[in-house]
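Participant: Structure in structure tokens, see below.
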Number of protein chains: 2
Amino acid sequence: MKAVVLSIGTELTRGELVNTNATWLSEQLVELGLEVTEHWTLPDDGPAIVAGLRRVASVCDVVICTGGLGPTSDDLTAASVAESLGVSLATDRATLEAIRRRYEARGRTMTEAGARMAELPEGATVLPNPVGAAPGFAVTLGECELCFLPGVPHEMQAIFRESIVARVAPRVRRTTHQVHLRTFGLPESEVAARLKELEESNDDLVVGYRASFPEVEVKVLARAIDGSSAEARARELARQVRERLGDFVFGEREDSFARAVGEALRGRGWKLALAESCTGGLVGQLVTAVAGSSDYLLLGAVTYSNAAKTSMLGVSPEILRAHGAVSAECAIAMAEGARRLAGSDVAVSITGIAGPGGGSDDKPVGTVWLALALHGETWVTRHHFVGDRDAIRAHAAHVALDLVRRAALRLDPVDTWTSKEIERLERN
Amino acid sequence: MKAVVLSIGTELTRGELVNTNATWLSEQLVELGLEVTEHWTLPDDGPAIVAGLRRVASVCDVVICTGGLGPTSDDLTAASVAESLGVSLATDRATLEAIRRRYEARGRTMTEAGARMAELPEGATVLPNPVGAAPGFAVTLGECELCFLPGVPHEMQAIFRESIVARVAPRVRRTTHQVHLRTFGLPESEVAARLKELEESNDDLVVGYRASFPEVEVKVLARAIDGSSAEARARELARQVRERLGDFVFGEREDSFARAVGEALRGRGWKLALAESCTGGLVGQLVTAVAGSSDYLLLGAVTYSNAAKTSMLGVSPEILRAHGAVSAECAIAMAEGARRLAGSDVAVSITGIAGPGGGSDDKPVGTVWLALALHGETWVTRHHFVGDRDAIRAHAAHVALDLVRRAALRLDPVDTWTSKEIERLERN
């Protein structure tokens with residue numbers, strides 16, 4: 001069954017408000033088993049709305065429309081619906097009563113503007129608003145059912161849950177299921193290359209990618225004769241996708257990378273310390289965005305100046321003089337210093353050049369050294385990240401978290417050397 | 001001139017991603033003087049895109065389309081554009097070379113998927129991507145100019161700024177000008193109340209608000225007979241708005257709060273140190289997101305555990321025992337400890353309960369103490385922030401930055417007591 005999400009409001013088309021309603025509604029409709037074939041947003045403009053309603057009613061089975069039901073003069077949705085249907089607006093007595101009671105409960109008298117919200121297209125089915133004044137309503141245009149909801153998110157959501165789900169769900173037959181796998185460490189093109197053959201040899205599989213920098217999300221969509229067969233098939237295909245992507249997959253839909261890192265630490269009973277230079281607290285912010293992170297994060301040192309690297313982490317001035325702050329030696333000393341300071345099991349450090357200034361031929365913008373200190377061994381890795389300052393910092397922070405995750409899960413580190421190997425590399 | 005913002009991506013129609021691109025683009029287009037008549041979002045579905053392009057090209061002068069230009073099999077935009085125009089896809093040699101160099105700069109060989117990004121509709125004008133691999137392109141369909149951009153926001157924005165503005169702006173006759181003022185510290189309703197009379201007494205003024213949590217942006221739109229008169233009028237009205245909002249205005253459109261704080265520090269020649277508990281590095285991340293922040297930020301201590309508050313900042317165990325980590329005393333000791341550790345002019349500290357767990361009747365979730373240590377005096381303030389963990393942390397980080405900004409600019413601190421006053425408050 002095909003659905004269109006229609007949004008009405010000049011504040012949307014002028015870019016003054018992000019359209020989160022369309023996203024929320026689509027997610028609910030997809031969850032119910034509908035296919036959302038388009039989002040469409042129109043300004044508060046009567047003729048545009050009338051023409052728009054006629055077009056969308058001809059291309060889908062259900063339209064969910066939000067906005068333009070309030071009490072002000074630019075709320076034109078109900079009148080436009082009436083015009084599209086060739087009927088008049090009429091006051092719905094029960095709705096008028098409900099609005100009057102709402103006003104009285106607040107010690108106020110219903111205004112003319114308030115009463116306007118009870119004027120609905122003749123023949124419309126009222127969808128009561130459990131949390132606000134303006135009700136929703138539903139009409140039929142040709143073969144299409146159109147449901148109209150207020151634009152205020154919590155009112156829209158309440159009416160959707162109370163009235164729309166019951167109207168729509170019985171009409172849908174589910175035939176698809178989707179599994180989302182979240183990955184970090186492979187570029188999108190490499191993920192696609194690894195899954196190409198699997199996708200080509202399974203007609204019922206659609207693989208979608210979403211780059212959510214610096215992560216890549218893989219969506220596995222399976223089709224079958226009914227919902228539970230589709231789910232079983234999607235799960236099996238997701239297993240095969242995991243086989244091909246290995247430990248680059250860190251979780252599913254609702255997981256965050258920082259949460260996956262936290263779970264890995266919790267699994268080992270490890271405590272973490274951070275030493276950040278060019279990321280300036282970003283790794284700490286990501287780790288502590290997860291509720292309960294105080295179970296494993298002890299501290300972070302944001303050592304932005306050289307003096308702070310020495311005073312907080314004990315990086316020797318000789319290292320800074322001989323190799324500079326952006327060096328394997330400094331990264332190693334920072335990680336080991338943070339681990340010592342915190343008395344933690346593991347510590348990770350980041351030092352690099354986020355740009356746009358500060359680069360040189362030898363150490364261009366994007367050069368970042370990261371080190372991971374564990375009991376008995378320190379690992380270090382050099383990256384050259386591309387993009388602007390934000391991108392370089394975001395990428396570096398994810399690599400730092402990945403070092404911690406891989407250590408805690410006993411996975412192979414990626415492109416990482418031990419501090420002893422670095423000594424050899426540097427000597428050669 | 002009429003514009004349509006077209007977004008392509010199944011992740012949008014399925015509600016997996018909020019369409020912030022359409023909002024950003026609309027705002028830019030309105031700024032350039034265009035009328036945005038609709039937003040339209042279609043899934044990654046070839047026939048739907050082909051039919052869609054034909055419809056939108058017939059209803060407006062300019063289409064800005066994002067999404068579906070990447071290297072994977074569900075990126076169908078270029079092929080659909082070619083089909084709409086009745087032309088073939090052809091490899092653009094210069095683009096292919098640029099993509100190959102991008103791969104090589106990363107020590108990798110260009111993949112087949114990577115090369116696909118250079119396949120553009122014959123006759124299309126390439127819009128180079130200064131920050132990513134997939135370029136944009138522009139074509140003409142009937143009377144309509146259609147510009148295609150990647151869906152990754154920072155790439156889309158970079159191409160828009162570099163290529164689209166110059167293509168579109170000369171075609172528009174401007175009669176409006178908009179000035180954006182960014183504020184922090186007043187709720188939206190209070191901002192609106194302060195500007196009500198100004199708006200009512202100036203017919204050519206439209207005041208818009210955008211809550212960009214925890215900031216409020218005020219948009220001053222003036223209309224006149226031509227662009228330069230409108231600009232002069234908007235500037236004058238913006239001056240009057242600033243008079244009414246005072247030092248709650250920290251900058252204009254492109255300014256960030258952290259940059260305003262940085263400029264204030266630079267103006268005084270002050271160095272900054274940070275001591276963060278519940279924000280876990282967020283303040284440091286905000287400060288260091290500004291290029292050149294190493295001129296004034298010395299260090300940050302993310303003291304998530306009590307032990308770290310003592311070992312890094314010298315907060316005495318007696319304070320933690322007697323008052324707890326979320327207390328005026330602890331906030332004061334953290335700020336003073338950070339200032340001492342860094343040898344900085346100023347230090348700010350944050351300690352609170354971001355939730356969802358950890359609250360009590362006495363100190364509910366959202367309770368945050370912040371302190372500002374200066375030479376000779378420490379100021380402290382208690383807030384009770386509402387919202388979820390992210391909102392509480394974001395709000396607290398902004399208040400911390402505001403303390404620094406107000407001190408550096410010699411403005412009145414808001415709702416802040418000195419440490420001596422706190423002693424009095426606590427005794428009463």
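Participant: If B:Arg223 passes every condition in (1) at pLDDT 95 or above; (2) surrounded by 15 or more Cβ atoms within 10 Å (Cβ to Cβ); (3) not β-branched (Val, Ile, Thr) but one, which one does it miss?
Facilitator: B:Arg223 satisfies all of (1) at pLDDT 95 or above; (2) surrounded by 15 or more Cβ atoms within 10 Å (Cβ to Cβ); (3) not β-branched (Val, Ile, Thr) except (1).
Participant: Quick one: is B:Val139 within 30 Å of A:Val365 (Cβ to Cβ), in contact (Cβ under 8 Å) with a residue 24 or more places away in the chain and in contact with a helix residue (DSSP H, G or I) (Cβ under 9 Å, 6 or more places away or on another chain)?
Facilitator: Values: within 30 Å of A:Val365 (Cβ to Cβ): no; in contact (Cβ under 8 Å) with a residue 24 or more places away in the chain: yes; in contact with a helix residue (DSSP H, G or I) (Cβ under 9 Å, 6 or more places away or on another chain): yes.
It is false that B:Val139 is within 30 Å of A:Val365 (Cβ to Cβ), in contact (Cβ under 8 Å) with a residue 24 or more places away in the chain and in contact with a helix residue (DSSP H, G or I) (Cβ under 9 Å, 6 or more places away or on another chain).
Participant: A:Ala158 passes all but one of (1) within 14 Å of chain B (Cβ to nearest Cβ); (2) touching a Pro at 6+ places or on another chain (Cβ under 9 Å); which number fails?
Facilitator: (1)
Participant: Scanning the range A:1-26 for residues that are among the polar types (S, T, N, Q), touching a strand residue (DSSP E or B) at 6+ places or on another chain (Cβ under 7 Å) and assigned to a helix (DSSP H, G or I), which turns out nearest to the other protein chains (Cβ to nearest Cβ)?
Facilitator: Of the range A:1-26, the ones among the polar types (S, T, N, Q) are A:7, A:10, A:13, A:19-21, A:23, A:26.
Remaining after also requiring touching a strand residue (DSSP E or B) at 6+ places or on another chain (Cβ under 7 Å): A:7, A:13, A:19, A:21, A:26.
Imposing the further condition that a residue be assigned to a helix (DSSP H, G or I) reduces the set to A:13, A:21, A:26.
Details: A:Thr13: 5, A:Asn21: 10, A:Ser26: 3 Å.
That would be A:Ser26.
Participant: Another question, then. Enumerate the pairs (first residue in the range B:187-206 and more than 10 Å from B:Gln240 (Cβ to Cβ) and modelled with pLDDT under 85; second residue anywhere and in a loop (DSSP other than H, G, I, E, B) and of a type outside the set (Asp, Glu)) with beta-carbon separation below 7 Å, excluding pairs fewer than 6 apart on the same chain, so at least 6 apart or on different chains.
Facilitator: B:Asp204/B:Ala224
Participant: Could I ask something else about it? Evaluate the range B:318-338: report whether one residue or more is in contact with a Phe, Trp or Tyr (Cβ under 6 Å, 6 or more places away or on another chain), in contact (Cβ under 8 Å) with a residue 40 or more places away in the chain, part of a helix (DSSP H, G or I) and not acidic (Asp, Glu).
Facilitator: Yes; the residues of the range B:318-338 include at least one that is in contact with a Phe, Trp or Tyr (Cβ under 6 Å, 6 or more places away or on another chain), in contact (Cβ under 8 Å) with a residue 40 or more places away in the chain, part of a helix (DSSP H, G or I) and not acidic (Asp, Glu).
Participant: Within the range B:374-398, take every residue that is in contact (Cβ under 8 Å) with a residue 40 or more places away in the chain and within 20 Å of B:Ser344 (Cβ to Cβ) and give me the one that is farthest from the other protein chains (Cβ to nearest Cβ).
Facilitator: B:Glu377
Participant: Then there's this: From the list A:Ser212, A:Ser229, A:Ser189, A:Ser201, which one is hydroxyl-bearing (Ser, Thr, Tyr), outside the structural domain of A:Leu313 (by TED's automatic domain parsing), closer than 23 Å to B:Leu17 by Cα and surrounded by fewer than 21 Cβ atoms within 10 Å (Cβ to Cβ)?
Facilitator: Details: A:Ser229 fails: closer than 23 Å to B:Leu17 by Cα; A:Ser189 fails: surrounded by fewer than 21 Cβ atoms within 10 Å (Cβ to Cβ); A:Ser201 fails: closer than 23 Å to B:Leu17 by Cα.
Only one candidate qualifies: A:Ser212.
Participant: Turning to a different aspect of this structure: Can you tell me which residue among A:Leu205, A:Leu272, A:Leu282 is closer than 30 Å to A:Ser305 by Cα and more than 23 Å from the chain's Cα centre (by Cα)?
Facilitator: None of the others qualify; the one that does is A:Leu272.
Participant: Give me the pairs: first residue in the range B:277-305 and more than 7 Å from chain A (Cβ to nearest Cβ), second residue in a loop (DSSP other than H, G, I, E, B) and surrounded by fewer than 24 Cβ atoms within 10 Å (Cβ to Cβ), beta-carbon distance under 6 Å, and six or more apart or on different chains, which are they?
Facilitator: B:Tyr296/B:Lys271
Participant: Taking the criterion of being modelled with pLDDT of 85 or more and over 30 Å from A:Leu76 (Cα atoms), would at least one residue in the range A:128-138 satisfy it?
Facilitator: No, the range A:128-138 contains no residue that is modelled with pLDDT of 85 or more and over 30 Å from A:Leu76 (Cα atoms).
Participant: Looking at (1) at positive phi; (2) at pLDDT below 90; (3) touching a helix residue (DSSP H, G or I) at 6+ places or on another chain (Cβ under 9 Å), find the lone condition where B:Tyr103 falls short.
Facilitator: Unmet for B:Tyr103, out of (1) at positive phi; (2) at pLDDT below 90; (3) touching a helix residue (DSSP H, G or I) at 6+ places or on another chain (Cβ under 9 Å): (1).
Participant: For residues in the range B:27-71 being at the interface with chain A (Cβ under 10 Å from one of its Cβ atoms) and acidic (Asp, Glu), which is farthest from the chain's Cα centre (by Cα)?
Facilitator: Going through the qualifying residues, I end up with B:Asp45.
Participant: Still on this model: Please verify whether the range B:5-18 includes one or more residues that are under 30 Å from A:Gly366 (Cα atoms), under 28 Å from the mean Cα position of the chain (by Cα) and not aromatic (Phe, Trp, Tyr).
Facilitator: Taking the range B:5-18 as the starting set, the residues that turn out to be under 30 Å from A:Gly366 (Cα atoms) are B:17-18.
Retained after the next criterion (residues that are under 28 Å from the mean Cα position of the chain (by Cα)): B:17-18.
Next, only the ones that are not aromatic (Phe, Trp, Tyr) stay: B:17-18.
Yes, the range B:5-18 has at least one match.
Participant: Then there is this: From the list B:Arg116, B:Arg101, B:Arg55, which one is under 26 Å from B:Leu17 (Cβ atoms) and free of Cβ contacts under 8 Å to residues at least 12 places away in the same chain?
Facilitator: Working: B:Arg116 fails: free of Cβ contacts under 8 Å to residues at least 12 places away in the same chain; B:Arg101 fails: under 26 Å from B:Leu17 (Cβ atoms).
Exactly one of B:Arg116, B:Arg101, B:Arg55 is under 26 Å from B:Leu17 (Cβ atoms) and free of Cβ contacts under 8 Å to residues at least 12 places away in the same chain, namely B:Arg55.
Here's the yes/no breakdown for (1) part of a helix (DSSP H, G or I); (2) more than 14 Å from chain B (Cβ to nearest Cβ); (3) farther than 17 Å from B:Arg14 by Cα; (4) without any contact (Cβ under 8 Å) to a residue 40 or more places away in the chain:
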| residue | (1), (2), (3), (4) |
| --- | --- |
| A:Tyr209 | no, no, no, yes |
| A:Leu221 | no, no, no, no |
| A:Ala230 | yes, yes, yes, no |
| A:Arg233 | yes, yes, yes, no |
| A:Gln240 | yes, yes, yes, no |
| A:Arg244 | yes, yes, yes, no |
| A:Phe250 | no, yes, yes, no |
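Participant: Run down A:Glu377, A:Glu329 and say which single residue is buried (at least 20 other Cβ atoms within 10 Å of the Cβ), farther than 19 Å from A:Gly280 by Cβ and touching a helix residue (DSSP H, G or I) at 6+ places or on another chain (Cβ under 8 Å).
Facilitator: A:Glu329 is the lone residue from the list that is buried (at least 20 other Cβ atoms within 10 Å of the Cβ), farther than 19 Å from A:Gly280 by Cβ and touching a helix residue (DSSP H, G or I) at 6+ places or on another chain (Cβ under 8 Å).
Participant: Also: How about the range A:27-39: which of its residues are part of a strand (DSSP E or B) and buried (at least 21 other Cβ atoms within 10 Å of the Cβ)?
Facilitator: Our first condition is that a residue be part of a strand (DSSP E or B); within the range A:27-39, this holds for A:35-39.
Within the range A:27-39, A:Val36, A:Glu38, A:His39 meet the criteria.
Participant: Okay, moving on. So, in the range B:66-121, of the ones that are outside any helix (DSSP H, G or I) and β-branched (Val, Ile, Thr), which residue ends up surrounded by the fewest Cβ atoms within 10 Å (Cβ to Cβ)?
Facilitator: If we filter the range B:66-121 for residues that are outside any helix (DSSP H, G or I), which is where we start, we get B:66-76, B:86-92, B:106-111, B:117-121.
From what is left, the residues that are β-branched (Val, Ile, Thr) are B:66, B:72, B:87, B:91, B:109, B:111.
Numbers: B:Thr66: 30, B:Thr72: 23, B:Val87: 15, B:Thr91: 11, B:Thr109: 9, B:Thr111: 16.
Here the residue is B:Thr109.
Participant: Every residue in the range A:252-301 that is farther than 17 Å from A:Asp402 by Cα, acidic (Asp, Glu) and not in a helix (DSSP H, G or I), please.
Facilitator: If the condition is that a residue be farther than 17 Å from A:Asp402 by Cα, acidic (Asp, Glu) and not in a helix (DSSP H, G or I), then A:Glu254 is the only one that fits.
Participant: Next up: What residue, among those in the range B:345-373 that are among the hydroxyl-bearing types (Ser, Thr, Tyr) and in contact (Cβ under 8 Å) with a residue 12 or more places away in the chain, is surrounded by the most Cβ atoms within 10 Å (Cβ to Cβ)?
Facilitator: B:Ser349
Participant: For B:Gln157, which of the numbered conditions (1) crowded, with 21+ Cβ neighbours inside 10 Å; (2) modelled with pLDDT of 95 or more fails to hold?
Facilitator: That leaves (1) as the condition not met.
The values are calculated or read from the model by the stated rules, or taken from the named source; none is laboratory data. Predicted model only: the values in this text are computed from it and were never measured. Quick reminder, even Gly has a Cβ in these numbers, built from the backbone with ideal geometry, and neighbours come from all protein chains shown.
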